[in-house]
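Q: Let me give you the structure first, and then I'll get to my questions.
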Amino acid sequence: MSEHELKPKLNSSFPLGKDDTTIQKTPLSISSSESEESPFRAIICLKNRDDVQRFEETEECFILDFDPFESVDLSKLSMKEKITVGDHDTNTDNDSDLSVIAEKGQVACRDYPHSRHLCLKFPFETNPHESYCKLCYCYVCDSAAPCKYWTDPIIAHCHASESVGDWKLKRTLSKQPSAVLK
C-alpha cells in the first residue's frame, strides 16, 4: 500500500443480538507513518436542543439533528411545572400569571428610536419623565433625548406627549422654518 491509502484496522467487536452475531468496528486512517495521530475522530450528533449548551462547553464540533432556528412548540411546554423555592411550593392551582418564554423579532418601542412618551424601558406613566433610554428622542424637537429644553423649568420637553394638544402644536411650530426678520 502507498502511504496515502486507506488502511482498515480492526480494533473491537460487540454482540448484536441474541443469536451471537457481532459487528466489528473498523475505523479508517490515513497516515504517512504509523507514529502520526489519526486525522479522524468521532463527531457527535445532537438530537435534542437541550443538550447544545452542555456539548458546546466540551466539544469543538458537533452536528445538530434539528433546526436551531425553528420556533419552540408551545404545545409541548407545561405551564403547571412545579417550582420549589426553599421549603415553599410557588405553584398553586390559583396561579394565573403569564410567563413569556420566547420572543421573536424586534419590538418597535424598545429596539428602535422612539419618542420618550412611548419608551418601554421607562414607561411614561410609571417613571419620572426626565428619565430616558439611549433610543429616546424629544417629541417636540425630534432630536435625541435629552434636548436643550428637556428639563427647562418653563417648557420642559421631557413631559411632551402626542396625547396633549399643546405639545402637538409646539411640535408643529418647531418644524416650520423660522420667520426671517428684515
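Q: Does any residue of segment 164-173 turn out to be assigned to a loop (DSSP other than H, G, I, E, B), at pLDDT 85 or above and surrounded by 10 or more Cβ atoms within 10 Å (Cβ to Cβ)?
A: Step one: of segment 164-173, the residues assigned to a loop (DSSP other than H, G, I, E, B) are 164.
Checking the rest, the ones that are also at pLDDT 85 or above come to none.
The answer is no; no qualifying residue exists.
Q: Has segment 145-161 got any residue that is modelled with pLDDT under 80 and surrounded by 11 or more Cβ atoms within 10 Å (Cβ to Cβ)? I'd like the intermediate steps shown before the answer.
A: Residues of segment 145-161 modelled with pLDDT under 80: none.
Looking for residues that are modelled with pLDDT under 80 and surrounded by 11 or more Cβ atoms within 10 Å (Cβ to Cβ), one finds none in segment 145-161, hence no.
Q: Across segment 44-84, which residue is farthest from Ser99 (Cα to Cα) among those that are at pLDDT 75 or above and of a type in the set (A, V, I, L, M)?
A: Among those residues, the one meeting the criterion is Ile44.
The values are calculated or read from the model by the stated rules, or taken from the named source; none is laboratory data. Here the structure is a predicted model, which means the values were calculated and not measured. Neighbour counts run over all protein chains shown; Cβ positions are idealised from the backbone, glycine included.
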